[in-house]
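Worksheet: one structure, shown below.
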Amino acid sequence: MGRRVVRNLEELGRFYVFLGHTLRGLFRSPVRWRLYAEQMERIGVHSVAIIALSSAAIGMIFALQMTMVMSMFQAEAMVGAAVGLTLARELAPVVTTLMLIAKNGSSMTAELGTMRVTEQIDAMETMSVDPIHYLVVPRLVASVIVFPILTGLANLVGILGAYLVAVEMLGVDPGGFVEQLYTLVNPVDVISGLIKAAVMGFMMSVICAYYGFYSAGGSKGVGESATRAVVTSSVGILIADYIMADLMLQFLY
């Protein structure tokens, strides 16, 4: 048990050293705009379809359930506000991040892990190229930029899916749906969700890059690192979501 505690502390220390090196790399030159654009395309543009599909499904399911509940109190018009608030504050950033962890976080870890075990990262260090600045920083910047954009898309598509189910299928008054949505969902609700998405994008990229950067043990080790990265980042963003929600309830609402 003592060796396990020491090993965990050593890994925690190595993670914070990696984090510090990454943060310093944000302010170093040169700024490789091409790498930033490539990562934003890979993480953002290539994920539009899956984010739109998942958010539409969530909005439709939530509208279906909320309409059934609200009908007990003759308050079906509140479905729009309920779906809008839930998506803006919680569901859109969390679901977007979880989908991107599954799609991009695992591939990020596997890509960097493969570069580590095939000694490509060692070769970069031999050529005096900082691998963290070259490989990790573009992925971090792209994630922080793209996650809020995809969260905004998830909000929009989720509301459209909820409108389709509630109004077109279940007969909720469209005027009441839109009016309550417009009245009760404030810009601060949307902004809080975008802030959460940016923080979650930062966490995902750092955690997944860390596990990939320090992979060992060949192809088996790369697979294990990808699994650990997905699990750790998923649990981490859920804990961070609760902490941020608590803070925002105290200072923003």
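The values are calculated or read from the model by the stated rules, or taken from the named source; none is laboratory data. Fair warning: this is a prediction, and the values are worked out from it, not measured in the lab. No Cβ is skipped: glycine too gets one built from the backbone with ideal geometry, and neighbour counts run over all protein chains shown.
Please verify whether residue 37 is within 30 Å of residue 145 (Cβ to Cβ) and without any contact (Cβ under 8 Å) to a residue 24 or more places away in the chain, treating the condition exactly as stated. Before the answer, list the steps.
Working: within 30 Å of residue 145 (Cβ to Cβ): yes; without any contact (Cβ under 8 Å) to a residue 24 or more places away in the chain: yes.
The answer is yes for residue 37.
Within this structure, residue 205 passes the test of being surrounded by 18 or more Cβ atoms within 10 Å (Cβ to Cβ), of a type in the set (Gly, Ala, Ser) and in contact with a Lys or Arg (Cβ under 6 Å, 6 or more places away or on another chain). Would a scan of region 82-91 turn up a residue that is within 20 Å of the chain's Cα centre (by Cα), assigned to a helix (DSSP H, G or I), more than 20 Å from residue 165 (Cα to Cα) and not aliphatic (A, V, I, L, M)? Yes; the residues of region 82-91 include at least one that is within 20 Å of the chain's Cα centre (by Cα), assigned to a helix (DSSP H, G or I), more than 20 Å from residue 165 (Cα to Cα) and not aliphatic (A, V, I, L, M).
Mind listing just one residue for me: the one in region 21-58 that is in a helix (DSSP H, G or I) and among the basic types (Lys, Arg) and, of those, surrounded by the fewest Cβ atoms within 10 Å (Cβ to Cβ)? Show your work before the answer.
Within region 21-58, the first condition is being in a helix (DSSP H, G or I), and the residues that meet it are 21-25, 33-43, 45-58.
Next cut, among the basic types (Lys, Arg) only: 24, 34, 42.
Details: 24: 13, 34: 9, 42: 17.
Among those that are in a helix (DSSP H, G or I) and among the basic types (Lys, Arg), it is 34.
Any residue at all in region 150-168 that's part of a helix (DSSP H, G or I), of a type in the set (Val, Ile, Thr), at pLDDT 90 or above and under 26 Å from residue 30 (Cβ atoms)? There is no residue in region 150-168 that is part of a helix (DSSP H, G or I), of a type in the set (Val, Ile, Thr), at pLDDT 90 or above and under 26 Å from residue 30 (Cβ atoms). Residues in region 119-152 that are of a type in the set (Val, Ile, Thr) and more than 16 Å from the chain's Cα centre (by Cα) were compared, and the one that is farthest from residue 89 (Cα to Cα) is 126. In region 1-20, which residues are closer than 14 Å to residue 130 by Cβ and either in a loop (DSSP other than H, G, I, E, B) or of a type in the set (Phe, Trp, Tyr) (or both)? 18 - this is the single residue of region 1-20 that is closer than 14 Å to residue 130 by Cβ and either in a loop (DSSP other than H, G, I, E, B) or of a type in the set (Phe, Trp, Tyr) (or both). Within region 25-60, the set of residues being under 18 Å from the mean Cα position of the chain (by Cα) and polar (S, T, N, Q) comprises 39, 47, 54, 55. Pairs linking a residue in region 1-28 that is more than 19 Å from residue 138 (Cα to Cα) to a residue that is of a type outside the set (Asp, Glu), with Cβ atoms under 9 Å and 6 or more positions apart or on different chains, are 11/214; 14/210; 14/214. Cβ-Cβ contacts under 8 Å between residues 6 or more apart (or on different chains), taken from a first residue in region 154-173 that is under 16 Å from residue 77 (Cβ atoms) to a second residue that is not in a helix (DSSP H, G or I), are listed as 166/172; 167/173. Scan region 188-229 for residues that are free of Cβ contacts under 8 Å to residues at least 12 places away in the same chain and either assigned to a loop (DSSP other than H, G, I, E, B) or touching a Phe, Trp or Tyr at 6+ places or on another chain (Cβ under 6 Å) (or both) and the total you get is 0. Of all residues in region 230-253, those that are free of Cβ contacts under 8 Å to residues at least 12 places away in the same chain and polar (S, T, N, Q) total 1. Checked against (1) under 18 Å from residue 237 (Cα atoms); (2) surrounded by fewer than 17 Cβ atoms within 10 Å (Cβ to Cβ); (3) among the basic types (Lys, Arg), residue 220 passes all but a single condition, namely (1).
Can you name the residue in region 230-253 that is of a type in the set (Ser, Thr, Tyr) and in a helix (DSSP H, G or I) and is also surrounded by the most Cβ atoms within 10 Å (Cβ to Cβ) among such residues? The extreme case among them is 233.
The residues in region 21-42 that are out of contact with any Pro (no Cβ under 8 Å at 6 or more places or on another chain) and either within 17 Å of residue 211 (Cβ to Cβ) or of a type in the set (Ser, Thr, Tyr) (or both) can be counted, and the count is 3.
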